[in-house]
Amino acid sequence: MIKEIARKSVIALLATVLLSALFAYTGFTPEGDLFPFSKLFQMFLVLSAPAYFLGGIPISMLLDRFWQWPSLEILAYAAFGALIMIPYYFFAFAATGGPIGVVMLFGASAAIIFYFVKTLLHKLFRKYGF
(Lines give C-alpha, C1' and ligand atoms only; values in the text may rest on other atoms or scores of the structure.)
Protein backbone atom coordinates (compact mmCIF):
# COMPACT_ATOMS: atom_id res chain seq x y z
CA MET A 1 0.00 0.00 0.00
CA ILE A 2 2.77 2.46 0.92
CA LYS A 3 4.71 1.46 -2.19
CA GLU A 4 1.64 2.07 -4.34
CA ILE A 5 1.10 5.51 -2.81
CA ALA A 6 4.78 6.34 -3.43
CA ARG A 7 4.46 5.27 -7.07
CA LYS A 8 1.31 7.30 -7.56
CA SER A 9 2.95 10.30 -5.88
CA VAL A 10 5.88 10.18 -8.32
CA ILE A 11 3.42 9.88 -11.20
CA ALA A 12 1.35 12.79 -9.85
CA LEU A 13 4.44 14.95 -9.43
CA LEU A 14 5.64 14.31 -12.98
CA ALA A 15 2.15 14.74 -14.40
CA THR A 16 1.72 18.03 -12.52
CA VAL A 17 4.96 19.42 -13.94
CA LEU A 18 4.13 18.18 -17.45
CA LEU A 19 0.59 19.55 -17.38
CA SER A 20 1.74 22.90 -16.01
CA ALA A 21 4.45 23.20 -18.66
CA LEU A 22 2.07 22.27 -21.49
CA PHE A 23 -0.69 24.62 -20.40
CA ALA A 24 1.73 27.45 -19.64
CA TYR A 25 3.30 27.06 -23.08
CA THR A 26 -0.08 27.26 -24.81
CA GLY A 27 -0.98 30.45 -22.92
CA PHE A 28 2.44 32.07 -23.25
CA THR A 29 2.53 35.34 -25.23
CA PRO A 30 6.14 36.28 -26.01
CA GLU A 31 5.42 39.43 -28.04
CA GLY A 32 3.85 41.51 -25.30
CA ASP A 33 5.00 39.45 -22.33
CA LEU A 34 1.44 39.87 -21.08
CA PHE A 35 1.48 36.41 -19.50
CA PRO A 36 5.09 35.31 -18.93
CA PHE A 37 5.75 31.58 -19.04
CA SER A 38 7.05 31.44 -15.47
CA LYS A 39 3.91 33.03 -14.02
CA LEU A 40 1.61 30.78 -16.03
CA PHE A 41 3.64 27.75 -15.01
CA GLN A 42 3.36 28.69 -11.35
CA MET A 43 -0.36 29.32 -11.67
CA PHE A 44 -1.05 25.95 -13.30
CA LEU A 45 1.25 24.22 -10.81
CA VAL A 46 -0.65 25.69 -7.86
CA LEU A 47 -4.04 24.89 -9.42
CA SER A 48 -3.29 21.36 -10.59
CA ALA A 49 -1.16 19.94 -7.75
CA PRO A 50 -3.98 19.71 -5.16
CA ALA A 51 -6.30 18.06 -7.67
CA TYR A 52 -3.65 15.49 -8.61
CA PHE A 53 -2.58 14.68 -5.07
CA LEU A 54 -5.93 14.86 -3.27
CA GLY A 55 -8.18 13.49 -5.99
CA GLY A 56 -6.08 11.84 -8.66
CA ILE A 57 -4.06 9.47 -6.51
CA PRO A 58 -7.04 7.94 -4.65
CA ILE A 59 -9.12 7.64 -7.84
CA SER A 60 -6.19 6.04 -9.67
CA MET A 61 -5.73 3.52 -6.86
CA LEU A 62 -9.43 2.67 -6.97
CA LEU A 63 -9.41 2.29 -10.75
CA ASP A 64 -6.32 0.07 -10.61
CA ARG A 65 -7.98 -2.15 -8.05
CA PHE A 66 -11.57 -2.35 -9.30
CA TRP A 67 -11.69 -1.40 -13.00
CA GLN A 68 -12.35 -4.49 -15.14
CA TRP A 69 -12.01 -3.17 -18.71
CA PRO A 70 -8.40 -2.23 -19.58
CA SER A 71 -9.33 -1.02 -23.07
CA LEU A 72 -11.64 1.62 -21.57
CA GLU A 73 -9.34 2.66 -18.75
CA ILE A 74 -8.31 5.94 -20.38
CA LEU A 75 -11.98 6.93 -20.69
CA ALA A 76 -12.53 6.14 -17.02
CA TYR A 77 -9.57 8.34 -16.09
CA ALA A 78 -10.95 11.19 -18.23
CA ALA A 79 -14.45 10.84 -16.77
CA PHE A 80 -13.22 10.76 -13.17
CA GLY A 81 -10.85 13.66 -13.89
CA ALA A 82 -13.80 15.73 -15.06
CA LEU A 83 -15.91 14.66 -12.06
CA ILE A 84 -13.15 15.54 -9.59
CA MET A 85 -13.16 19.05 -10.96
CA ILE A 86 -16.83 19.70 -10.08
CA PRO A 87 -16.26 20.19 -6.31
CA TYR A 88 -12.87 21.76 -7.08
CA TYR A 89 -14.68 24.27 -9.31
CA PHE A 90 -17.02 25.33 -6.52
CA PHE A 91 -14.12 25.60 -4.10
CA ALA A 92 -11.67 27.52 -6.29
CA PHE A 93 -13.38 28.95 -9.37
CA ALA A 94 -17.05 29.65 -8.65
CA ALA A 95 -16.35 33.19 -7.39
CA THR A 96 -14.84 34.17 -10.75
CA GLY A 97 -17.88 32.89 -12.63
CA GLY A 98 -15.93 30.88 -15.17
CA PRO A 99 -17.67 28.12 -17.12
CA ILE A 100 -17.69 24.77 -15.36
CA GLY A 101 -17.30 22.92 -18.67
CA VAL A 102 -13.86 24.41 -19.23
CA VAL A 103 -12.77 23.39 -15.73
CA MET A 104 -14.10 19.86 -16.33
CA LEU A 105 -12.19 19.71 -19.62
CA PHE A 106 -9.07 20.78 -17.73
CA GLY A 107 -9.66 17.91 -15.28
CA ALA A 108 -10.19 15.37 -18.06
CA SER A 109 -7.01 16.44 -19.85
CA ALA A 110 -5.07 16.35 -16.57
CA ALA A 111 -6.34 12.83 -15.91
CA ILE A 112 -5.33 11.69 -19.39
CA ILE A 113 -1.83 13.09 -18.83
CA PHE A 114 -1.74 11.22 -15.50
CA TYR A 115 -2.79 8.03 -17.31
CA PHE A 116 -0.05 8.35 -19.93
CA VAL A 117 2.65 9.10 -17.35
CA LYS A 118 1.43 6.10 -15.32
CA THR A 119 1.54 3.87 -18.38
CA LEU A 120 5.04 5.01 -19.35
CA LEU A 121 6.47 4.67 -15.86
CA HIS A 122 4.85 1.30 -15.13
CA LYS A 123 7.61 -0.64 -16.89
CA LEU A 124 10.33 1.41 -15.21
CA PHE A 125 8.82 0.77 -11.79
CA ARG A 126 8.75 -2.97 -12.44
CA LYS A 127 12.24 -3.04 -13.90
CA TYR A 128 13.86 -1.21 -10.98
CA GLY A 129 11.68 -2.63 -8.23
CA PHE A 130 10.04 0.61 -7.17
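The values are calculated or read from the model by the stated rules, or taken from the named source; none is laboratory data. What you are looking at is a predicted structure, and each value in this text was computed from that prediction instead of being measured. Neighbour counts run over all protein chains shown; Cβ positions are idealised from the backbone, glycine included.
Quick notes
- Filtering region 73-93 to residues that are of a type outside the set (Phe, Trp, Tyr), free of Cβ contacts under 8 Å to residues at least 12 places away in the same chain and surrounded by 12 or more Cβ atoms within 10 Å (Cβ to Cβ) leaves only Leu75.
- Criterion violated by Ser109 - all others in (1) surrounded by 14 or more Cβ atoms within 10 Å (Cβ to Cβ); (2) part of a loop (DSSP other than H, G, I, E, B) satisfied: (2)
- Among residues of region 117-130, those that are part of a helix (DSSP H, G or I) and touching a helix residue (DSSP H, G or I) at 6+ places or on another chain (Cβ under 8 Å), counted: 4
- Any chance Val103 is free of Cβ contacts under 8 Å to residues at least 24 places away in the same chain and over 15 Å from Leu13 (Cα atoms): yes
- Flag for Phe116 being surrounded by fewer than 16 Cβ atoms within 10 Å (Cβ to Cβ), modelled with pLDDT under 85 and closer than 22 Å to Val17 by Cα: no
- Selection within region 94-106 - surrounded by 15 or more Cβ atoms within 10 Å (Cβ to Cβ) and in contact with a helix residue (DSSP H, G or I) (Cβ under 6 Å, 6 or more places away or on another chain): Val103, Met104
- A Cβ distance below 6 Å, combined with a sequence gap of six or more or placement on separate chains, defines the contacts here; from region 33-62, residues that are without any contact (Cβ under 8 Å) to a residue 40 or more places away in the chain and more than 14 Å from Ala108 (Cα to Cα) reach residues that are of a type outside the set (Val, Ile, Thr) and not in a helix (DSSP H, G or I) in the pairs Phe37/Phe28.
- Considering residues of region 52-110 that are of a type in the set (S, T, N, Q) and closer than 24 Å to Ala21 by Cβ only, the residue modelled with the lowest pLDDT: Thr96
- Restricting region 42-53 to residues that are touching a helix residue (DSSP H, G or I) at 6+ places or on another chain (Cβ under 7 Å) and surrounded by fewer than 19 Cβ atoms within 10 Å (Cβ to Cβ), the residue that is farthest from Ile112 (Cα to Cα): Leu45
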